[in-house]
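Quick note: the coordinates plus some simple rules give every number you see, no bench work behind them. Every value quoted in this text rests on a predicted model; they were computed, and no experiment measured them. Here the Cβ positions follow ideal geometry from the backbone for every residue, glycine too, while neighbour counts run over all protein chains shown.
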Amino acid sequence: MEPQFLEPNIPHYTARSLPEYRHLPFQNAHPFLDEGGHSYGEKLLSPDSFTAEDWQSCEDYLYSIDLFNHGFWWEAHERLKFVSIGAGRESKTGQFVQGLIQIAAALLKHFMGEDEGAMTLAELGSSNLQRVEGVYLGIDVATLIVQVQDCLNAGDAKYPRIRLKQ
């Protein structure tokens with residue numbers, strides 16, 4: 001089953017390839033731990049720093065957005081954890097990235113039919129995203145929050161994608 005997206009065509013922000021499969025916890029091989037995993041043996045590292053001023057040059061952040069945009073929500077949330085560490089988890093930027101992590105997890109849960117958990121994570125994520133206004137880290141915050149809420153409340157969910165604003 002493939003997710004349907006609000007915006008069918010969106011650019012990739014990196015040249016990196018997408019994984020061979022979308023990880024669904026307890027349903028297929030763990031990407032990093034199982035020998036058959038699409039990223040087996042890969043070690044994720046935090047960027048030295050990540051700030052609102054340098055997001056456009058952070059390959060890990062941009063690749064996380066590519067993953068998010070193509071329904072690789074588990075993979076996006078795992079990689080964003082390390083971006084959050086690079087930002088400083090308690091910083092404004094770190095908290096915003098934490099909101100993206102929670103939104104990615106919410107969309108994954110929704111895709112897997114775990115709607116109660118999806119709603120809880122979406123509320124937490126939206127709360128973290130709403131600490132800023134307008135466009136932050138290239139993301140139109142209000143638009144993303146509305147699209148996530150619409151997706152979770154619709155019977156025929158159309159998943160949001162993030163079109164970064166330069």
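Here are some notes:
- Computed over all pairs of different Cα atoms, the Kirkwood value for the hydrodynamic radius of the range 55-153 is 13.1 Å.
- FRET efficiency, 1/(1 + (r/R0)^6) with R0 30 Å, evaluated for residue 165 and residue 16 via beta carbons: 0.90
- FRET efficiency, residue 26 to residue 154 (Cβ-Cβ, R0 30 Å, nearest 0.05): 0.75
- Between residue 142 and residue 46, the contour length at 0.36 nm per residue exceeds the alpha carbon distance by 31.8 nm.
- Taken as Cα centroids, the range 118-159 and the range 39-71 sit 20 Å apart, rounded to the nearest whole angstrom.
- If the segment from residue 131 to residue 2 were pulled out straight at 0.36 nm per residue, it would be longer than the present Cα-Cα gap by 43.2 nm.
- If the segment from residue 115 to residue 92 were pulled out straight at 0.36 nm per residue, it would be longer than the present Cα-Cα gap by 5.4 nm.
- The range 1-66 - Rg over Rh from alpha carbon coordinates, Kirkwood radius: 1.01
- Cα-based Rg and Dmax for the chain, where Dmax is the largest Cα-Cα distance (Å): 14.9, 43
- The magnitude of the dipole of the chain, with charges of +1 and -1 set on the Cβ of Lys/Arg and Asp/Glu and taken from the Cα centre, is near 260 debye.
- Among the lysines of the chain, pairs at least eight places apart or on separate chains and with Cα atoms under 21 Å apart come to 5.
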